[in-house]
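The values are calculated or read from the model by the stated rules, or taken from the named source; none is laboratory data. Not measured: the values here are computed from a predicted model. Glycine gets a Cβ as well: all are built from the backbone with ideal geometry, and neighbour counts include every protein chain shown. All accessible areas refer to the heavy atoms of the entire protein, side chains included, with ligands and DNA or RNA removed. Shrake-Rupley method; radii C 1.70, N 1.55, O 1.52, S 1.80 Å.
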Amino acid sequence: MDNVVRDVRYAFRHFSRQRTFTAVIVGTLALGIGANVALFSVVNSVLLQPLPYREPDRLVRLASTDQANSLERVGFSYSRFLEVQQRQQVFSDLALSIGHAFTLTGRDDPEQVNGLYASAELLPTLGLRPIIGRNVSPDEDRPGGGNVVLISQQMWQQRFNGDRSVLRQALTLDGVPYTVIGVLPEAATAFLLNHQQVWLPRPGEMPYVAQSQLQGGSYFFQPIARLKPDVSLEQAREAMHVIEVGYRAAHPGNVDAPSTIELVTLLDDAVGAQRTSYLLLFGAVVCTLLIACANIANLVLARFAGRRREIATRLALGAGRGVVVRQLVSESVLLAALGGAVGVLFAEWMLRAVVALGADVIPRVAEIRIEPVALGFAVIATFVTGLSIGLLPALQASGINVLTALKEAGPGVVGSGRLLRAGLLVVEVSLSLVLLIATGLLLTSLERLQRVAPGFDARGVFTAQIALPPRYSRAKVIEFYEQFYQRLATLPGTSSVALSDRVPLTGDQLPTVVAAAGRPIPPLSERPYAHRHLVSPHYFSTLRIPLRAGRDFDERDNTSVAAVVIINETFARRLFPGEDPVGYTVVTGMAQQPAQVIGVVADIRGENLNTRPEPDYFLPVLQRPETVTNVLVRSTLAPAVLASLVRESLRTIDPELPLLQPQALTARIDHLVTNRRLGLGLLGGFAVLALILASLGVYSVMAHLVAFRTSEIGLRIALGAPRGAVVRMVLGHSRRLALVGIAFGVAGALVASRLMEQALFEVDPAEPVVYITLSITLLLIAEAASFFPAWRATRIDPVIALRTE
């Protein structure tokens, strides 16, 4: 212990005399270690930390997959849930829920609150209890049960000031009074159920799900189950397969009959799709730290080599090689410890930036922080970094010939470890190229994704949502839409107005079954799917979607005339190949309602930019009105001004209705690529940092080379060698090392790019333009970093250089 304390004191004295060197090393390590701690904290919080429920690893989600119709892990049908509930023997608890946006009135201005229709078993399944009050009773969860509600802890604190008298108070949701019976614990409204402010019982009575959809197998619901203690996930999957086969035989006509039951852990279902992205980023920061370590090891090696006489003296006085190695490694570990301490502070700052930038795209973002396990990771990373930057240089420095080292003087003494320094440089260049190519591939992917034409023009379009409460009858819904539509059309600066139940490219699509009349109609379970839309007249002109055939909807398309429908080109090709579909009749949805095709419109990217257009059909909102719609206004006014005007128009018709999510349509669509931009920005930052470190590494090695070959260069100049030849000699050495590093980097990038293939859009993982361009760029940067040492070599005075020999 005394020896360690002595080594640390000795190291501190050295560092105090070399403050610039120490500051550079500590700063570089702080960046590398801090970035690793920050990304480890993100990975730990998002992917590794258990969910805040009892035995969360035993919680699973049931989903449906129908690969033939491109449906993967979609919802569950109510009829299939009842089948599972009756026949399963692998779950100790099984619950069902369906999301809904409620309009809260009677307390200040009307407001939309998110919530669930959830069965009484949901809280016990999660292993949670209300913090005050009680859970829904079995009687309240049966058809005809009482109107009761559980509220979130946040709503309890904000709206009721945490007063326990909230119990038995009334809350008016969608115009219906509900009695508050309990307050949910914070875990019940955190991830995965975040933003859910109210829970109501009886999900089977969801007001906007028709009986034909409820009984016919529509994928609306979300079941969660808890595995029995003695049941594994694989055993549960086998049991679900048996139930799935039985359900298919018992309900062959249901739309979900062909689908399979998927069982996945709750955490994996929530974040599994993003696992590759986070691990890719974590791999990038590890590479950055390795590059930093290689760079610092080069600097440390040069520093140790400059102390050859000191080290030789200690060995000559009887110090063992182990003692010298321990001293030198202690210095490196101390440097790493200082860098790690500063790095934790940098990690805290970086995490705040990541959380702020990724608030809407990173799952569990509110839980991201530097946990004790992350601090443990920081300690381990610091210790390993200290060993990696000090051990090899220390072994190299302590293996000198004592007599030779004591005789040597001048610049030539720094020649030790040339092969090791060259190897470290190759590592830096290769890892830098891997990061650069990964960034280049993702940047190319994003650029191509943003070039995809969505098929409509979102510029200058304002959008907002309106949800009508159940007190609106079908006739009142139609009357409201007619009045509201007319008022919007008179707003200043407005050129076109439309209503639609869904907004393109906002991830809100509704697939349902379709068939063509006039030919054999298959059962529901065998029909193809298409996305349904309810739109008003001028919807296509507002979004500037071209009409290919037939006509648009107009005010005549209401409940007093025969049902009509407009389809897109993909729909027409699939159901009417080689024919003009205008005039034909199609049967749509679970209710199998017929409608005559009156028009064909161009395809648009309705779900996201990286999937091809799907079959779409459009129904007139005045013929089949529903209570949720989106406003689309093409106007020259700013979105904030337009929001105020639209809100005022809404209040003149119904002052209890809130205007939801008012914003420019371009802003809603930009959210689609926010996640990609955030990940690319982080990866690009690490790649730039790696490139800077690699450039410094090249400079360091070349400066060392010039210092080592001072006498040789002086002799060459004395014998008449042109200075250009000296420059070419130094640059040639740098070029050879860089090319070796580039060769290894290309090989590494080919492997890494295969792992990120799913994150690429229309980009080959081996895209030659990216590989060649970035390889040449890195080579040129290496050349530039070598030029100053090469130029300095030509300034060597032959007389002075030869005297130092």
### Task
Could you tell me which numbered condition Asp141 fails, if it satisfies all but one of (1) in contact (Cβ under 8 Å) with a residue 40 or more places away in the chain; (2) part of a helix (DSSP H, G or I)?
(2)
### Query
In the range 616-672, which residues are among the hydrophobic types (A, V, I, L, M, F, W, C) and assigned to a helix (DSSP H, G or I)?
Ala640, Val641, Leu642, Ala643, Leu645, Val646, Leu650, Ile653, Leu665, Ala667, Ile669, Leu672
### Members of the range 752-778 that are farther than 22 Å from Leu609 by Cα and more than 22 Å from the chain's Cα centre (by Cα)
Ala766, Pro768, Val769, Val770, Tyr771, Ile772, Thr773, Leu774, Ser775, Ile776, Thr777, Leu778
### Task
Scan the range 520-543 residue by residue and report those that are more than 31 Å from the chain's Cα centre (by Cα), assigned to a loop (DSSP other than H, G, I, E, B) and surrounded by 15 or more Cβ atoms within 10 Å (Cβ to Cβ).
Arg527, Pro528, Ser536, Pro537, His538
### Query
For the range 584-591, does any single residue satisfy the condition of being under 27 Å from Gln486 (Cα atoms) and either without any contact (Cβ under 8 Å) to a residue 24 or more places away in the chain or under 37 Å from the mean Cα position of the chain (by Cα) (or both)?
no
### Query
Within the range 241-272, how many residues turn out to be closer than 15 Å to Val90 by Cβ and touching a Ser or Thr at 6+ places or on another chain (Cβ under 9 Å)?
4
#### Entry: Filtered residues of the range 440-496 (kept if among the β-branched types (Val, Ile, Thr) and buried (at least 20 other Cβ atoms within 10 Å of the Cβ))
Val461, Thr463, Ile466
### Residues within the range 172-197 that are surrounded by fewer than 21 Cβ atoms within 10 Å (Cβ to Cβ), hydroxyl-bearing (Ser, Thr, Tyr) and closer than 15 Å to Thr103 by Cα, tallied
1
### Message
Every residue in the range 573-614 that is polar (S, T, N, Q), at pLDDT 90 or above and open to solvent by less than 80 Å² (accessible area, probe 1.4 Å), please.
### Response
Thr585
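Here is a yes/no grid of residues against (1) over 16 Å from Gln197 (Cα atoms); (2) not hydrophobic (A, V, I, L, M, F, W, C):
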residue	(1), (2)
Leu126	yes, no
Val148	no, no
Met155	no, no
Arg159	no, yes
Leu167	no, no
Ala170	no, no
### Task
Say whether the condition of being modelled with pLDDT of 85 or more, farther than 30 Å from Val286 by Cβ, not in a loop (DSSP other than H, G, I, E, B) and not aliphatic (A, V, I, L, M) is met by at least one residue in the range 406-422.
no
### Message
Just to be sure I understand the filter: pairs with C-beta atoms under 8 Å, separated by 6 or more residues or on different chains, first member in the range 756-769 and without any contact (Cβ under 8 Å) to a residue 60 or more places away in the chain, second member outside any loop (DSSP other than H, G, I, E, B) and open to solvent by less than 30 Å² (accessible area, probe 1.4 Å). Which pairs pass?
### Response
Ala766/Ser753
### Query
Can Pro470 be described as modelled with pLDDT of 85 or more and of a type outside the set (A, V, I, L, M)?
no
### Query
Is the range 273-289 home to any residue that is farther than 30 Å from Ala30 by Cα and open to solvent by 20 Å² or more (accessible area, probe 1.4 Å)?
yes
### Val333 vs. criteria over 24 Å from the mean Cα position of the chain (by Cα), modelled with pLDDT of 75 or more and loosely packed, with under 15 Cβ neighbours inside 10 Å
no
## Note on the structure
When every residue in the range 621-637 that is of a type in the set (A, V, I, L, M, F, W, C) and within 30 Å of the chain's Cα centre (by Cα) is compared, the one nearest to Ser495 (Cα to Cα) is Leu632
### Task
Run down Leu715, Leu696, Leu739, Leu774 and say which single residue is open to solvent by 60 Å² or more (accessible area, probe 1.4 Å), modelled with pLDDT of 75 or more and in a helix (DSSP H, G or I).
Leu739
### Message
I want to confirm something. Restricting to the range 226-260 and keeping residues that are open to solvent by less than 30 Å² (accessible area, probe 1.4 Å) and among the charged types (D, E, K, R), which single residue is farthest from Thr512 (Cα to Cα)?
### Response
Arg226
### Task
Answer with yes or no whether Gln235 is farther than 27 Å from Gly127 by Cβ, touching a strand residue (DSSP E or B) at 6+ places or on another chain (Cβ under 9 Å) and of a type in the set (S, T, N, Q).
no
#### Entry: Lone unmet requirement of (1) part of a helix (DSSP H, G or I); (2) without any contact (Cβ under 8 Å) to a residue 60 or more places away in the chain; (3) open to solvent by 60 Å² or more (accessible area, probe 1.4 Å) for Ala68
(2)
### Query
Is there a residue being within 25 Å of Leu71 (Cβ to Cβ) and part of a loop (DSSP other than H, G, I, E, B) anywhere in the range 480-502?
yes
### Query
Are there any pairs with C-beta distances below 8 angstrom linking a residue in the range 182-208 that is in a loop (DSSP other than H, G, I, E, B) to a residue that is of a type in the set (Val, Ile, Thr) and at pLDDT 90 or above, with the two at least 6 apart or on different chains, and if so which?
Leu184/Ile131; Leu184/Ile151; Pro185/Ile131; Gln197/Ile151; Pro201/Val136; Pro201/Val148; Met206/Ile98
### Query
Arg551: more than 39 Å from the chain's Cα centre (by Cα), surrounded by fewer than 19 Cβ atoms within 10 Å (Cβ to Cβ), among the basic types (Lys, Arg) and modelled with pLDDT of 90 or more, yes or no?
yes
### Query
Given the structure, is Gly133 over 23 Å from Val271 (Cβ atoms), buried (at least 17 other Cβ atoms within 10 Å of the Cβ) and out of contact with any Phe, Trp or Tyr (no Cβ under 9 Å at 6 or more places or on another chain)?
yes
### Which listed residue, of Arg80, Arg73, Arg87, Arg58, is farther than 21 Å from Thr276 by Cα, open to solvent by 50 Å² or more (accessible area, probe 1.4 Å) and modelled with pLDDT of 85 or more
Arg87
### Members of the range 21-48 that are of a type outside the set (Gly, Ala, Ser) and open to solvent by 60 Å² or more (accessible area, probe 1.4 Å)
Val24, Leu31, Leu48
